[in-house]
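S.K.: Questions regarding the structure given below will be posed in turn.
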Amino acid sequence: MEQKNIKNLKNRKFTAYAAILCALALAVAIPVNLLASRLNIIWDLTPAKMYRLSESTTSYLDTVEEEVDFYFLMDMDMLATDNSSMALYYTLRQYSEYDCINFVDFNPNDEPAILEEINPDGKLQLSIGDIVIRCGENVKRIPGNDMYTTKYNVNEAGEASLEAMYFEGENRISGAIEAVVTGRTSKLYFVTGHGEKTIDNDYKTFHANLTNRNYGTAELNLTTAPAVPDDAAIVILAAPKSDLTDDEAKKLNDYLDKGGNVSFLMSPNDDDVVYKNIEAIMESFGIGMDYDIVYEASPNLYVGDNYTFRVSMVASDSDYSAHLTDELIEMTNNGYVAFMRNTRSFYRFTSPKDTTLQIESLMQTIESTDEMGNSIFTAIGQAYGGNATEDIEGYALDLAMYAMSPARNDAKVLVFGNAEFIDDQSLKEDYMIIPVDLMLSTITWMYNSNLDLDMGIASKEKDYDFMRLNSESAAVGTVVLFVVVPVFVGLIGLGVWLKRRYS
């Protein structure tokens, strides 16, 4: 009896010790967590340091002396409730702590005045979750959907499950801050001096699209400029009425030799103008230009008049292709119809000097059928201006092409047979959406503006564990192994403890 009382006394003593230790643990943990919360301390035990700014960012922000306005188009309290966005939430909190950062989070639907203040001309097509970084007159927009990229696992049944998520927001945000502080931006230069279309008179809406994609724009007079500026991402010639001079062509070729990018938007011109120097640049990239204006003879393929007609996006057929038309072909398969109007045609130059050229067609006239069901091409390149003497017919006509020259530091050239399809009037027409999207895709291919927002900060990976079960029996076995067995072992342990407790 006395021995039993001693055991009970020991049990009560151990129980009391355990209770005291638990109370001490709580007494320490609660104030420590409250202190961490009050001091804004972040406990980040993830391998990728998902919730801490990298040393690259902190070191850079410590050197910034200018004031940077940082607008987040969402209430931070809303973001804090989304478990999948914790990396972004804590990242934004840490940016907001720096003296150089004037951080403002707001819901654009509730506070339109702030939205108007940061986007007065509407050029930034902002939506909830976007970020706007501003320093002085320099502005960068970061779309909210650029914060993360995801990787999915697809099983044999074609079902997709989230495998990993990569947080890329820090690299984008720090890059945008550095870009607006330094004033660094890559520009699209529109050549002037030959009767071309201009940003202010013809391309105001297109200019807004470019601004929204973080491109700057400027005009370039190759007669007076000593060279193409170093910050030129792309040089655009939009419907020139006359040819380049020899000196202008040399400056453009010098720019291409350095890996430059040139877009020729060559609307038909009924004057007797021969674009000798422009053609020479195109031909050095394996592309020839016709002096024509294309019309469609089949009533099934044109609308309004013969010069506004359906076209097809050309699928990529080579290993080196940029695949610029893949998404647009999918759009046409889903019911969208692509049109072009008042355009000239081009062709693949038969014997270019540069044998390393990579040349692709992007847009062509459509194949039709005759009364017997035979395939025919009814679009005709009508002789028009220049030195044209004969119509072109009997095969698919190329209306847009691109080429890249590895021998010239991957210089790129794009040709479109029309410059009006991206002007303010055409952008109001729904049926021009696919050629416009194609043009925007070629700009990204030539120079991706995201490069301007790259600080070299690695993506931070958040893994999602998954288990593939190939049968019902495997699922049952897994449940037994990981649920039933631990519960059973726990019950045995509880029984042993109770038996010892009351023995």
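The values are calculated or read from the model by the stated rules, or taken from the named source; none is laboratory data. This one's a predicted model, so the numbers in the text were calculated from it and none came from an experiment. Don't worry about glycine lacking a Cβ; one is built from the backbone with ideal geometry, like all the others, and counts go over all protein chains shown.
S.K.: Can you tell me which residue among Leu469, Leu440 is at pLDDT 75 or above and either in a helix (DSSP H, G or I) or out of contact with any Cys (no Cβ under 9 Å at 6 or more places or on another chain) (or both)?
M.R.: Leu440
S.K.: Let me ask something else. Over 22 Å from Phe421 (Cα atoms), touching a residue at least 12 places away in the same chain (Cβ under 8 Å), surrounded by 14 or more Cβ atoms within 10 Å (Cβ to Cβ) and more than 27 Å from the chain's Cα centre (by Cα) - does that describe any residue in region 252-259?
M.R.: Among the residues of region 252-259, at least one is over 22 Å from Phe421 (Cα atoms), touching a residue at least 12 places away in the same chain (Cβ under 8 Å), surrounded by 14 or more Cβ atoms within 10 Å (Cβ to Cβ) and more than 27 Å from the chain's Cα centre (by Cα), which makes the answer yes.
S.K.: Name every residue in region 50-83 that is exposed (fewer than 12 other Cβ atoms within 10 Å of the Cβ) and under 19 Å from Tyr148 (Cβ atoms), in order of residue number.
M.R.: Correct list: Thr81, Asp82, Asn83.
S.K.: In addition: Please enumerate the residues belonging to region 288-325 that are of a type in the set (Phe, Trp, Tyr) and over 28 Å from the mean Cα position of the chain (by Cα).
M.R.: Tyr291, Tyr295, Tyr302, Tyr307, Phe309
S.K.: Within region 202-217, identify whether any single residue is within 25 Å of the chain's Cα centre (by Cα), aliphatic (A, V, I, L, M) and more than 20 Å from Met266 (Cα to Cα), and answer yes or no.
M.R.: Yes, region 202-217 contains at least one residue that is within 25 Å of the chain's Cα centre (by Cα), aliphatic (A, V, I, L, M) and more than 20 Å from Met266 (Cα to Cα).
S.K.: Tell me, which residue of region 113-137 that is under 18 Å from Ile101 (Cα atoms) and surrounded by fewer than 14 Cβ atoms within 10 Å (Cβ to Cβ) is modelled with the lowest pLDDT?
M.R.: So the residue we want is Glu137.
S.K.: Answer yes or no as to whether Glu371 is acidic (Asp, Glu), within 17 Å of Asp290 (Cα to Cα) and part of a loop (DSSP other than H, G, I, E, B).
M.R.: Spelling it out, it is not the case that Glu371 is acidic (Asp, Glu), within 17 Å of Asp290 (Cα to Cα) and part of a loop (DSSP other than H, G, I, E, B).
S.K.: Look at region 299-308 and say how many of its residues are at pLDDT 90 or above and among the polar types (S, T, N, Q).
M.R.: Looking only at that region, the number is 2.
S.K.: Give the residue that is surrounded by the fewest Cβ atoms within 10 Å (Cβ to Cβ), with candidates limited to residues of region 286-314 that are β-branched (Val, Ile, Thr) and under 16 Å from Tyr402 (Cα atoms).
M.R.: Going through the qualifying residues, I end up with Val314.
S.K.: Can you tell me which residue among Asp410, Asp424 is touching a Phe, Trp or Tyr at 6+ places or on another chain (Cβ under 9 Å), surrounded by fewer than 16 Cβ atoms within 10 Å (Cβ to Cβ) and not hydrophobic (A, V, I, L, M, F, W, C)?
M.R.: Asp424
S.K.: So which of Leu210, Leu237 is crowded, with 16+ Cβ neighbours inside 10 Å, modelled with pLDDT under 95 and outside any loop (DSSP other than H, G, I, E, B)?
M.R.: Leu210
S.K.: In addition: Go over the candidates Lys187, Lys140 one by one and state the one that is in contact (Cβ under 8 Å) with a residue 40 or more places away in the chain, buried (at least 18 other Cβ atoms within 10 Å of the Cβ) and touching a helix residue (DSSP H, G or I) at 6+ places or on another chain (Cβ under 7 Å).
M.R.: Step by step, each of Lys187, Lys140 is checked, and only Lys140 is in contact (Cβ under 8 Å) with a residue 40 or more places away in the chain, buried (at least 18 other Cβ atoms within 10 Å of the Cβ) and touching a helix residue (DSSP H, G or I) at 6+ places or on another chain (Cβ under 7 Å).
S.K.: Residues to consider are Pro229, Pro240; find the one that is touching a Gly at 6+ places or on another chain (Cβ under 7 Å) and not assigned by TED's automatic domain parsing to the domain that holds Ile142.
M.R.: Pro240
S.K.: Something else about it: With the requirement that a residue be farther than 13 Å from Leu397 by Cα and touching a residue at least 60 places away in the same chain (Cβ under 8 Å), what does region 351-367 give you?
M.R.: Pro352, Lys353, Asp354, Leu357, Ile359
S.K.: Among the residues of region 218-234, how many are surrounded by fewer than 16 Cβ atoms within 10 Å (Cβ to Cβ), in a strand (DSSP E or B) and of a type outside the set (D, E, K, R)?
M.R.: Here the count works out to 2.
S.K.: What residue, of Thr217, Thr198, is within 28 Å of Asp246 (Cβ to Cβ), touching a helix residue (DSSP H, G or I) at 6+ places or on another chain (Cβ under 6 Å) and either outside the structural domain of Ala87 (by TED's automatic domain parsing) or not charged (D, E, K, R) (or both)?
M.R.: Thr217
S.K.: Right, another one. Looking at Thr149 and the list (1) surrounded by fewer than 18 Cβ atoms within 10 Å (Cβ to Cβ); (2) farther than 24 Å from Tyr51 by Cα; (3) in contact with a Phe, Trp or Tyr (Cβ under 6 Å, 6 or more places away or on another chain), which single condition is not satisfied?
M.R.: Of (1) surrounded by fewer than 18 Cβ atoms within 10 Å (Cβ to Cβ); (2) farther than 24 Å from Tyr51 by Cα; (3) in contact with a Phe, Trp or Tyr (Cβ under 6 Å, 6 or more places away or on another chain), only one is false for Thr149: (2).
S.K.: From Gln364, Gln358, Gln382, grab the single residue that is assigned by TED's automatic domain parsing to the domain that holds Phe285, over 22 Å from Leu427 (Cα atoms) and at pLDDT 95 or above.
M.R.: Answer to the check: Gln382.
S.K.: Report those strands (runs of 3 or more DSSP E) wholly inside region 254-341 carrying at least 2 residues which are within 30 Å of Ala227 (Cβ to Cβ) and of a type in the set (A, V, I, L, M, F, W, C).
M.R.: 261-265, 287-289
S.K.: Taking the residues in region 374-421 that are in a loop (DSSP other than H, G, I, E, B) and of a type in the set (A, V, I, L, M) as candidates, determine which candidate is farthest from Ile433 (Cα to Cα).
M.R.: Filtering first and then ranking leaves Ala388.
S.K.: So, one more: Any idea which of Asp398, Asp370, Asp430 is among the acidic types (Asp, Glu), on the phi < 0 side of the Ramachandran plot and at pLDDT 95 or above?
M.R.: Step by step, each of Asp398, Asp370, Asp430 is checked, and only Asp398 is among the acidic types (Asp, Glu), on the phi < 0 side of the Ramachandran plot and at pLDDT 95 or above.
S.K.: Could you pull out the residue among Arg310, Arg344 that is of a type outside the set (S, T, N, Q) and free of Cβ contacts under 8 Å to residues at least 60 places away in the same chain?
M.R.: Arg310 is the lone residue from the list that is of a type outside the set (S, T, N, Q) and free of Cβ contacts under 8 Å to residues at least 60 places away in the same chain.
S.K.: Another question, then. Starting from region 403-426, keep only residues that are free of Cβ contacts under 8 Å to residues at least 40 places away in the same chain and farther than 21 Å from Phe349 by Cα, then list their pairs with residues that are assigned to a helix (DSSP H, G or I) and among the hydrophobic types (A, V, I, L, M, F, W, C) whose Cβ atoms are within a distance under 8 Å, requiring at least 6 positions of separation or different chains.
M.R.: Final answer for the pair search is Ser426/Met432; Ser426/Val436.
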